[in-house]
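> One structure, pasted below without further comment.
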Amino acid sequence: MSNGKVFSDIAGRYDRLNAVLSLWQDQKWRNTVVSRLPKGRLLDLGAGTGAANEIFGDRRVVALDPAPEMLSLNDGSLRVVSVGEHLPFGDETFDAVFSAYVFRNLDSVDQTMGEMARILKPAGMAGIVDLGRPAGKMASKLHRAGTSIILPIAGTMIGARNEYVYLHSTLDKHPPPEVLLAEAPLELVDTWRLGPMGFVWAALLRKTS
C-alpha cells in the first residue's frame with residue numbers, strides 16, 4: 001500500500017473533493033458493497049478520514065490506513081496505522097474486509113489479497129470499490145482524455161494539483177477486476193460497474209476455506 005504521503009497534506013479536503021468529483025455518489029457506491037457484507041467485526045482497509053463510518057451500522061470496525069494525518073480525522077474508536085501488505089492482526093479475526101478507492105494505490109495487490117484471506121474467518125467476505133477505466137476501448141479512451149483535463153483542474157482548486165495528476169495516472173494501473181482478482185486466494189463472487197461510463201468498479205469475494 002502507498003505509504004500515505006500522497007494525500008496526507010490534503011486530508012481535510014480529500015473527502016469533500018471526492019464527493020464533488022463523483023457528483024455526490026461516492027457514498028452510494030460504497031454502500032452497494034457494504035450492504036452485501038456480513039455483520040460482525042470489519043476491517044476498513046484504507047479507511048482514511050472515515051468517510052464510510054456512517055454506513056457500517058452496528059459492525060465492530062477497525063480503521064486501518066498508512067497515513068496518520070488521515071486517521072486523525074477519523075472518528076472511529078479503533079484506528080491502526082499500517083499497510084494492506086502487512087496487516088497487524090491474527091489469523092481469522094474478521095468477518096469482513098471493506099476497501100474503497102485504495103487498490104490502485106497498493107504496492108502489491110497479490111500480497112494484500114493474501115493478507116485479507118489470512119485475517120478473514122471461514123466464509124468471511126471482502127468487498128472492494130475503486131476507480132478505473134470504463135470497459136471498451138472507445139469509452140476508455142474518452143475517459144482518459146477527460147480525466148487528463150478534469151483532475152488537474154480539480155486538484156489545482158484545492159492546492160493539490162500534483163496529487164490529482166497522480167490520481168489520473170493510477171486509473172491505468174490495473175486491468176478490470178475480473179482479471180485483477182481472478183487468481184486471488186478468495187473466491188470472486190461478483191463484480192459490477194458504477195458511475196458514468198462505468199468508471200467505478202466493485203467486487204465481492206468470499207473465503208471458502
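The values are calculated or read from the model by the stated rules, or taken from the named source; none is laboratory data. Model, not experiment: these values are computed from the prediction. Quick reminder, even Gly has a Cβ in these numbers, built from the backbone with ideal geometry, and neighbours come from all protein chains shown.
> Do the conditions hold for ILE128, that is, is it surrounded by 15 or more Cβ atoms within 10 Å (Cβ to Cβ), among the β-branched types (Val, Ile, Thr) and not in a loop (DSSP other than H, G, I, E, B)?
In short, yes.
> May I pose another question? Restricting to region 193-209, give me the number of residues that are modelled with pLDDT of 85 or more and under 19 Å from PRO38 (Cβ atoms).
7
> If you don't mind, there's one more thing I want to ask. Kindly provide the set of residues from region 170-209 that are free of Cβ contacts under 8 Å to residues at least 60 places away in the same chain, more than 15 Å from the chain's Cα centre (by Cα) and buried (at least 16 other Cβ atoms within 10 Å of the Cβ), ordered by number.
LEU188
> Wholly within region 1-114, which helices (runs of 4 or more DSSP H) include no fewer than the required count, namely at least 1 residues that are of a type in the set (Asp, Glu), under 14 Å from the mean Cα position of the chain (by Cα) and at pLDDT below 95? Lay out the reasoning, then the answer.
On the way: elements: 5-8, 11-21, 26-34, 68-71.
So the answer is 11-21, 26-34.
> Can I ask one more? Of the conditions (1) free of Cβ contacts under 8 Å to residues at least 40 places away in the same chain; (2) of a type outside the set (Gly, Ala, Ser); (3) more than 24 Å from THR170 (Cβ to Cβ), GLN111 clears all except one; give me its number.
Just one mismatch for GLN111, condition (3).
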